[in-house]
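Note sheet for the following structure.
The values are calculated or read from the model by the stated rules, or taken from the named source; none is laboratory data. Keep in mind that what you see is a predicted model, and the values were worked out from it rather than measured. Heads up, the Cβs are rebuilt from the backbone with ideal geometry, glycines too, and the neighbour counts pull from every protein chain shown.
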Amino acid sequence: MTEHHQICIIGSGPAGFTAALYASRARLNVVVFEGHQPGGQLTITTEVENYPGFEHGIMGPEMMDVFRKQAHRFGSSSIYETITSVDMSKRPFTLTSDSNKTYTCDSIIISTGAAAKLLGSKGEQEYMGFGISACATCDGFFFRNQHVYVVGGGDTAMEEANYLTRFASKVTILHRRDEFRASKIMLERCQNNPKIEFMINTTVDEYIGETLPTGLRKLTSLKLRNTVTNEESIVPADGIFVAIGHKPNTDLFKGKIDMDDTGYIQTVGKSSFTNIEGVFACGDAQDSVYRQAITAAGSGCMAAIDAERWLEAQYG
């Protein structure tokens, strides 16, 4: 027998769990499909210091566990499966998971998030969160008076580098070519910043680090390669920020929901409504600008309220 819910939330993280909290407190039957990375990107983040309510900071995985337990307290449930196909052509909507199970629902909230594009170099996964970051706004504070690197050649890389000069003693931008995709004004802003240096025609072949006595890992240096001469060098590094863009996790909905050219879901005005009645989107799956835990949580709240009101109008 197919399992039915009033709201199926695809994806967890701050957006999905907040949507679940609000919807379940409204006495709706809610299930969260957490997939194979329960809690989303914050589960691979170390300390979170910029989320209100945690005066002394909190570890990312612990924070997501708190979010989950709070949503469950009001009746939401979690299913640790990945949704592989969605039929939104008729209601109730039909979802199929990677376990070949079928679920139906009256409304869908999409909170599948986005993932930072990474280089794929050796040691990248090992030191992610331990010296490697993809978010200067999230982690720049931890690199006070240190020398950090930024990888990229677009506006995102320039913005990250400029922001990091508030904390770091020196920022070196690494770019694999000698021409930049960044807008002229953003590039000039970095070129005129005395704390920023450039290394062109350079890529990171390997991230190198050590294990501290506490058992934690720490990035210590980078193996760089000149893309023209293939010459290699090892340089000390306190941290590195990969700023080559983000990819929303929305492939599942391509051709079904309106998206921009990058794949971010388009929502209507300031709401969470998509172009399909009964389908709502929140968090980084539809936010290409802010990409913060707090803004994702806020949009999850919006999606739950939108879904609740829509369900009331449809079904009473």
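Would it be correct to say that G215 is of a type in the set (G, A, S) and in contact with a Lys or Arg (Cβ under 6 Å, 6 or more places away or on another chain)? When the stated conditions are applied, G215 does not pass them. If you check T295, T227, T267 for being among the β-branched types (V, I, T) and not assigned by TED's automatic domain parsing to the domain that holds I9, only one passes: T227.
Scan the stretch 270-278 and tell me whether some residue there is among the charged types (D, E, K, R), assigned to a helix (DSSP H, G or I) and either under 24 Å from P52 (Cβ atoms) or touching a residue at least 12 places away in the same chain (Cβ under 8 Å) (or both). Scanning the stretch 270-278, I find no residue that is among the charged types (D, E, K, R), assigned to a helix (DSSP H, G or I) and either under 24 Å from P52 (Cβ atoms) or touching a residue at least 12 places away in the same chain (Cβ under 8 Å) (or both), so the answer is no.
Scanning the stretch 226-247 for residues that are surrounded by 18 or more Cβ atoms within 10 Å (Cβ to Cβ) and in a strand (DSSP E or B), we see that the one that is modelled with the lowest pLDDT is H246.
Can you tell me which of I7, I79, I58, I83 is β-branched (V, I, T) and within 26 Å of G129 (Cβ to Cβ)? So the residue among I7, I79, I58, I83 that is β-branched (V, I, T) and within 26 Å of G129 (Cβ to Cβ) is I58. Cβ-Cβ contacts under 6 Å between residues 6 or more apart (or on different chains), taken from a first residue in the stretch 136-160 that is surrounded by fewer than 21 Cβ atoms within 10 Å (Cβ to Cβ) to a second residue that is charged (D, E, K, R) and modelled with pLDDT under 95, are listed as G154/R181.
Results for (1) in contact with a strand residue (DSSP E or B) (Cβ under 8 Å, 6 or more places away or on another chain); (2) of a type in the set (A, V, I, L, M); (3) surrounded by fewer than 24 Cβ atoms within 10 Å (Cβ to Cβ); (4) modelled with pLDDT under 95, shown as yes or no for each residue.
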position: M1; (1), (2), (3), (4): no, yes, yes, yes
position: H4; (1), (2), (3), (4): yes, no, yes, no
position: A19; (1), (2), (3), (4): yes, yes, no, no
position: V31; (1), (2), (3), (4): yes, yes, yes, no
position: G35; (1), (2), (3), (4): yes, no, yes, yes
position: E47; (1), (2), (3), (4): yes, no, yes, yes
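A Cβ distance below 8 Å, combined with a sequence gap of six or more or placement on separate chains, defines the contacts here; from the stretch 60-81, residues that are in contact (Cβ under 8 Å) with a residue 40 or more places away in the chain and at positive phi reach residues that are assigned to a helix (DSSP H, G or I) and hydroxyl-bearing (S, T, Y) in the pairs G75/S24.
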